[in-house]
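Just below is one structure, and these are the notes that go with it.
Read-outs: derived from the displayed coordinates by stated rules, not from any lab. Everything numeric in this text was worked out from a predicted model, so none of it was measured. Please note: Cβ atoms are built from the backbone with ideal geometry, for glycine as well, and neighbour counts cover all protein chains shown.
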Amino acid sequence: MAADHTSGGPTPSKLAPGLYVTATPIGNLGDITVRALEVLAAASVIAAEDTRRTARLLAHHGLGTLMTPYHDHNAARALPGLIRRLKNGASVALVSDAGTPLVSDPGYRLVGAAVAAGIPVHAVPGPSAVLAALAVAGLPTDRFFYGGFLPPRATARKRALTEFAALEATLVLFETARRLPGALADMVAVLGAREAVVCRELTKRFEEVRRAPLDDLAAHYASAGPPKGEVVVVIAPPGPRPELGDDELDEYLRSALETCSPSRAVREVVARTGIARKRAYERALVLTGEK
């Protein structure tokens, strides 16, 4: 199906062969860039994470470009065909459900395969939920770490948070609305009462930005229940760490040793407290009777 421009969409110009990693709005359809519209109009095909969602975006801007699905469940099957098209001189626009492709979606596999095949890859930058959340959070942005979606189960989630705990950077995490209350409780348990921001439905009609210490946010959502919509959590970096006494270190180690091997317990305590590994290891040997 050729692009239909009778309803006022951009007029396509010739697009050089290659893969175009194209950002689309995260909510407000007006946030798409002029260049992204030109690429979507002129591409041979659009590889879309959800063709129904992308179809609404195209219809809003008067476009009818051919689409093909490319998502987690069909990536292995669809990728060879897309690479064949690209090798034959096609221009393929890669889009995700919302925002910039490759952020928590399977697009990196297609980009990696295109690079390996010597196919040009072009960035068509634009909206990003990660950067939008950072922009409104009011927390340090000179260093940040994007942790994606946390694991759904509490044990694995706490383990992931423990790995992030010592990072001297603002944390940006995606979470489902349903899991948000439980995730916030685990964040408090692992990260303490850091300043944090819950961003919900960014750029949409019911956008909400709630700023408070993590424990207050956890208490709010425990009482109010899961919110509606898309959620991004932004968490401040750790503050200066007080010197950890032997009794407190032993308490951390004993707790970790209940569920972990000594080596894993040491890793978790070092990540959580920032103390020297040698000191933690020596105390773990004492507590396990190996020294």
Completion exercise
At R0 = 35 Å the Cβ-Cβ FRET efficiency linking Arg77 and Lys278, nearest 0.05, sits at 0.10
Practice task
Tabulate in residue order the Karplus-calculated ³J(HN,Hα) for the range 60-74, using 6.51 cos²θ - 1.76 cosθ + 1.60 with θ = phi - 60°, rounded to whole Hz; enter x for Gly and Pro.
Solution key: 4, 9, x, 10, x, 4, 4, 10, 9, x, 8, 8, 3, 7, 10
Handout entry: Efficiency of FRET between Lys87 and Thr288 - r from beta-carbon atoms, R0 51 angstrom, step 0.05
Key = 0.30
Handout entry: Projected-area average for the range 246-287 over all orientations - Cα convex hull basis, square nanometres
Key = 2.4
Fill in the blank from the handout: For the chain, the dipole about the Cα centre with charges only on Cβ (Lys and Arg +1, Asp and Glu -1), to the nearest 20 debye, works out at 880
Handout entry: Tilt relative to the chain, helix 246-257 - C-alpha long axis, 0 to 90 degrees, to 10
Key = 60
Exercise for the section: Give me the distance in nm between label points sitting 7 Å out from Cα along the Cα-to-Cβ direction at Val121 and Phe149, one decimal. Expected result: 2.2
Handout entry: Principal-axis tilt of helix 180-191 within the chain, Cα atoms, nearest 10 degrees
Key = 50
Exercise for the section: Mind checking which lysines have their Cα closer than 16 Å to the Cα of Lys278? Skip sequence neighbours fewer than 8 apart in that chain. Expected result: Lys291
Practice task
Please report, in debye to the nearest 20, how large the charge dipole of the range 18-127 is about its Cα centre when each Lys and Arg carries +1 at its beta carbon and each Asp and Glu carries -1 there.
Solution key: 340
Completion exercise
Non-local residues with an amide H under 5 Å from the amide H of Tyr70, with H modelled 1.01 Å from N and Pro and chain starts lacking one, are Ala48, Glu49
Handout entry: Whole-Hz ³J(HN,Hα) from phi, Karplus 6.51 cos²θ - 1.76 cosθ + 1.60, for the range 259-271, glycine and proline x
Key = 10, 10, 5, x, 5, 5, 4, 4, 4, 5, 5, 4, 5
Completion exercise
The set of residues whose placed amide H lies less than 5 Å from the amide H of Phe145, leaving out same-chain residues fewer than 5 positions away, is Thr170, Leu171, Val172
Practice task
State to the nearest 20 debye the size of the charge dipole of the range 130-235 about its Cα centre, where the only charges are +1 on K and R beta carbons and -1 on D and E beta carbons.
Solution key: 360
Handout entry: the chain, relative contact order [Cα under 8 Å, separation at least 6], %
Key = 16
Problem - Peptide ranges 129-135, 251-257 listed from the most packed, as the mean C-beta count within 10 angstrom indicates - result: 129-135, 251-257
Practice task
Return the long-range amide H neighbours of Glu175 (sequence gap of 5 or more, or a different chain), with a cut-off of under 5 Å between placed amide H atoms.
Solution key: Val231, Val233
Exercise for the section: Calculate, for Thr259 and Asp142, the FRET efficiency according to 1/(1 + (r/R0)^6) with r their C-beta to C-beta distance and R0 35 Å; round to the nearest 0.05. Expected result: 0.50
Exercise for the section: Quick one: angle between helix 107-116 and the longest Cα principal axis of the chain, in degrees between 0 and 90, rounded to 10, please. Expected result: 70
